[in-house]
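Taking it in order: structure first as structure tokens, then the write-up.
The values are calculated or read from the model by the stated rules, or taken from the named source; none is laboratory data. Quick caveat: nothing in here was measured; it's all calculated off a predicted structure. No Cβ is skipped: glycine too gets one built from the backbone with ideal geometry, and neighbour counts run over all protein chains shown. Protein only, heavy atoms only, side chains kept; ligands, DNA and RNA dropped before computing areas. Shrake-Rupley method; radii C 1.70, N 1.55, O 1.52, S 1.80 Å.
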Amino acid sequence: MTRASNQLRIVGGRFRGRRLPFPDQPGLRPTPDRVRETLFNWLAPIIPGARCLDAFAGSGALGFEAASRGAGEVVLIERAAAVAQQLRTNARTLDATGIEILHADTLQWLAGSPRPFDVVFLDPPYDDDLLAPAIARLADQGWLAPGARIYLEAARRTGFPALPQGWELLRDKTAGQVRYGLVSPGSAAPGSAGL
């Protein structure tokens, strides 16, 4: 069930200020507004027209924010059926184009046929230990376009898992109990300058 208090606010772009409901679900917590503002400032040079993957969509805060700011395509993956249905409803409410919502398990989906993304958001439920295996799946050939960026979010107390060889943590901040950062899958990746 969705309570009135379960709402996220889109902080920038064409849907700025729009509020979207999300259901009660264990581990579901939208990325805070302040964190999203910082993240999308980091990503501003590459979001317009980008192919984005919101791998643990939850409320859809990151995926809808990317769409609002001009991403060309946004794929949101959510394993809970009721949450995926709410994401579909919210996409229709926004009348947003270029958004694909998949009811699937992210790790299983990432074991399938790869398609390259420019930006990947990894913000799984903090207590589910999904960040490391998701990173490992992404590191397999084909998921990341040249110059791709990966957003990581974790509980401050646990931090980030070890990154694959050649991956570089470009930005790293904390806000309250949240640690978040931006990763390049290779220091020689095109477009790494300035981010």
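Let's see how each residue does on (1) more than 15 Å from the chain's Cα centre (by Cα); (2) polar (S, T, N, Q); (3) assigned to a strand (DSSP E or B):
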{"site": "R88", "(1), (2), (3)": "yes, no, no"}
{"site": "A96", "(1), (2), (3)": "yes, no, no"}
{"site": "L138", "(1), (2), (3)": "no, no, no"}
{"site": "A145", "(1), (2), (3)": "yes, no, yes"}
{"site": "L169", "(1), (2), (3)": "yes, no, yes"}
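Of everything listed in (1) among the aromatic types (F, W, Y); (2) open to solvent by 20 Å² or more (accessible area, probe 1.4 Å); (3) in contact with a Phe, Trp or Tyr (Cβ under 7 Å, 6 or more places away or on another chain), the single unmet condition for F117 is (2). Scan segment 68-82 for residues that are among the β-branched types (V, I, T) and either touching a residue at least 60 places away in the same chain (Cβ under 8 Å) or in a loop (DSSP other than H, G, I, E, B) (or both) and the total you get is 0. Within segment 68-88, the set of residues being under 17 Å from P30 (Cα atoms) and open to solvent by 40 Å² or more (accessible area, probe 1.4 Å) comprises R79, A82, Q85, R88.
Scanning segment 78-132 for residues that are among the polar types (S, T, N, Q) and closer than 21 Å to I10 by Cβ returns Q85, Q86, T89, N90, T93, T97.
Evaluation of D95 against the conditions (1) more than 24 Å from R18 (Cα to Cα); (2) of a type outside the set (G, A, S); (3) modelled with pLDDT under 95 shows that the sole unmet condition is (1). The conditions of being touching an Asp or Glu at 6+ places or on another chain (Cβ under 9 Å) and modelled with pLDDT of 90 or more are met by A145. Among the residues of segment 106-127, is there at least one that is within 23 Å of V35 (Cβ to Cβ), of a type in the set (F, W, Y) and either part of a helix (DSSP H, G or I) or out of contact with any Lys or Arg (no Cβ under 7 Å at 6 or more places or on another chain) (or both)? Yes, because at least one residue in segment 106-127 is within 23 Å of V35 (Cβ to Cβ), of a type in the set (F, W, Y) and either part of a helix (DSSP H, G or I) or out of contact with any Lys or Arg (no Cβ under 7 Å at 6 or more places or on another chain) (or both).
From the list R9, R18, the one residue that fits, being in contact (Cβ under 8 Å) with a residue 60 or more places away in the chain and either in contact with a strand residue (DSSP E or B) (Cβ under 6 Å, 6 or more places away or on another chain) or more than 18 Å from V183 (Cβ to Cβ) (or both), is R18.
Among the residues of segment 106-115, none qualifies, meaning not one is touching a residue at least 60 places away in the same chain (Cβ under 8 Å), of a type outside the set (D, E, K, R) and under 14 Å from R51 (Cα atoms). Residues that are open to solvent by 10 Å² or more (accessible area, probe 1.4 Å) and farther than 18 Å from L20 by Cβ do occur in segment 49-67, at least one of them.
Every condition in (1) open to solvent by 10 Å² or more (accessible area, probe 1.4 Å); (2) assigned to a strand (DSSP E or B); (3) more than 19 Å from R34 (Cα to Cα) is met by T158 except one, and the failing one is (2).
Table: residues versus (1) more than 15 Å from the chain's Cα centre (by Cα); (2) among the basic types (K, R); (3) part of a helix (DSSP H, G or I); (4) over 23 Å from S184 (Cβ atoms).
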site: D24; (1), (2), (3), (4): yes, no, no, yes
site: R36; (1), (2), (3), (4): no, yes, yes, no
site: L39; (1), (2), (3), (4): no, no, yes, no
site: W42; (1), (2), (3), (4): no, no, yes, no
site: C52; (1), (2), (3), (4): no, no, no, no
site: F64; (1), (2), (3), (4): no, no, yes, yes
